[in-house]
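First the structure, in the form of structure tokens, and then the observations on it.
The values are calculated or read from the model by the stated rules, or taken from the named source; none is laboratory data. This is a predicted model, so every value here is computed, not measured. Please note: Cβ atoms are built from the backbone with ideal geometry, for glycine as well, and neighbour counts cover all protein chains shown.
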Ligand SMILES: [Zn+2]
């Protein structure tokens, strides 16, 4: 059996791993490279396999950096089966659809014509959903998903064939307020593990940072704009704000959300609320939240003064409705932008978090932001180093471990730590290098 890491070896995006067995080839994840132009261009590199030969894609979760290359494979002739959990199918369909619309709309996009809506529709017809812990057969191997935390539906993959292999997918936090903690990594011969925060122990508390932001907006009568990813982060924020208002009605101020994709993701989170830690709070929060749907609502909102809280996307200010909010309140020193998430290099969110105040959108429009900017590291949905170590606590020290999905320094630090605590076979995954298992 052979393994080839095709993406997520140089940074945290483009997850795609080829598993070659005597009976055929499968992929674990099929994601897009995201970020600066140089990173996005990597999507155009020729694939080291013929998509028509791929029997199945095992999808760990819906995020674009894990699912966003699927329609491209379909466009190139892939017609195998895509296995994932039910929430992942619904979220992946939403994310792939959004991606296809962006690629179709943007004239000068590097990935123009990479795929179209039609490819997403064919891709959707190839999905087969599985429950957590349900075993299914692919190429004579038995495969199952186990909860990975992270976002709704996210899974680690356990493959039991000639060898036992575990793909961690993105491992979530052990104390996420909304998503249940991941199941521990099972005993395995080979483990492919993400290392986004392999080199870091994260500080900060989500609830505390969010409530101090809400209190500040109320006390100082500000307009607070929260930049949020439409999937997962937004539903967490909406639920926590709702919960806080229930416990502290005296702190309640108007709070609205704006974003068509966010609204769609809300429906999926509501449908699968039983799979979360706070089913009732989540359902109530999503039912009661005030949504900005129509132009006239926006027209009235933009004249408003604080206190007011708006959640809108994108999470890294790299497009989306947030631009109209930043433009509207750019000269208001009483406005406050909150960036509760990772801000990739090259994005406007990164520039703002580093103190720059003039930002440019994709069409070159510039905004000079005069208000405050607050950032937080607490909101990431990835396990940190301690949590990753705890996740693999039960596995044998002779397990063959491959590290992927991390910045080079994170992988190095994680490798050092793993060797320090006694793991003997730790390898940093190499792009396109074939390894025998
Ligand atoms: Zn993810």
Residue 376: farther than 19 Å from residue 166 by Cα and surrounded by 20 or more Cβ atoms within 10 Å (Cβ to Cβ), yes or no? no
Within the stretch 66-81, of all residues that are under 20 Å from residue 5 (Cβ atoms) and surrounded by 24 or more Cβ atoms within 10 Å (Cβ to Cβ), the one nearest to the ligand (Cβ to nearest atom) is 66
For residue 413, only one of the following conditions fails: (1) out of contact with any strand residue (DSSP E or B) (no Cβ under 8 Å at 6 or more places or on another chain); (2) over 29 Å from residue 6 (Cβ atoms); (3) surrounded by fewer than 19 Cβ atoms within 10 Å (Cβ to Cβ). What is its number? (2)
Given the structure, is residue 350 without any contact (Cβ under 8 Å) to a residue 60 or more places away in the chain and either touching a strand residue (DSSP E or B) at 6+ places or on another chain (Cβ under 8 Å) or over 25 Å from residue 314 (Cβ atoms) (or both)? no
Given the criterion farther than 26 Å from residue 132 by Cβ and in contact (Cβ under 8 Å) with a residue 60 or more places away in the chain, identify the matching residue among 247, 237, 326, 278. 326
Counting only residues that are under 28 Å from residue 197 (Cα atoms) and away from the ligand (no atom under 16 Å from the Cβ), which one in the stretch 147-162 is surrounded by the fewest Cβ atoms within 10 Å (Cβ to Cβ)? 160
Filter the stretch 253-309 for residues that are in a loop (DSSP other than H, G, I, E, B) and touching a helix residue (DSSP H, G or I) at 6+ places or on another chain (Cβ under 7 Å) and give the result. 253, 272, 276, 278, 289, 292, 302, 306, 307
Checking residue 58 against (1) touching a helix residue (DSSP H, G or I) at 6+ places or on another chain (Cβ under 9 Å); (2) within 16 Å of the ligand (Cβ to nearest atom), which single condition isn't satisfied? (1)
Is it the case that some residue within the stretch 341-357 is under 20 Å from residue 301 (Cα atoms) and within 19 Å of the chain's Cα centre (by Cα)? no
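Here is a yes/no grid of residues against (1) in contact with a helix residue (DSSP H, G or I) (Cβ under 7 Å, 6 or more places away or on another chain); (2) more than 14 Å from residue 132 (Cα to Cα); (3) outside any loop (DSSP other than H, G, I, E, B); (4) without any contact (Cβ under 8 Å) to a residue 60 or more places away in the chain:
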| residue | (1), (2), (3), (4) |
| --- | --- |
| 146 | no, no, yes, yes |
| 173 | yes, yes, no, no |
| 180 | no, no, no, no |
| 183 | no, no, no, yes |
| 191 | no, yes, yes, no |
| 203 | no, yes, no, no |
| 210 | yes, yes, yes, no |
| 225 | yes, yes, yes, no |
Among the candidates 345, 359, which residue alone is outside the structural domain of residue 102 (by TED's automatic domain parsing), part of a strand (DSSP E or B) and either in contact with a helix residue (DSSP H, G or I) (Cβ under 7 Å, 6 or more places away or on another chain) or away from the ligand (no atom under 16 Å from the Cβ) (or both)? 359
Residues in the stretch 87-106: is at least one within 16 Å of the ligand (Cβ to nearest atom), closer than 21 Å to residue 165 by Cβ and at pLDDT 95 or above? yes
Kindly establish whether residue 425 is modelled with pLDDT under 95, in the same structural domain as residue 188 (by TED's automatic domain parsing) and either more than 26 Å from residue 151 (Cα to Cα) or within 16 Å of the ligand (Cβ to nearest atom) (or both). no
Scanning the stretch 362-402 for residues that are within 16 Å of the ligand (Cβ to nearest atom) and closer than 30 Å to residue 425 by Cα, which turns out farthest from the chain's Cα centre (by Cα)? 391
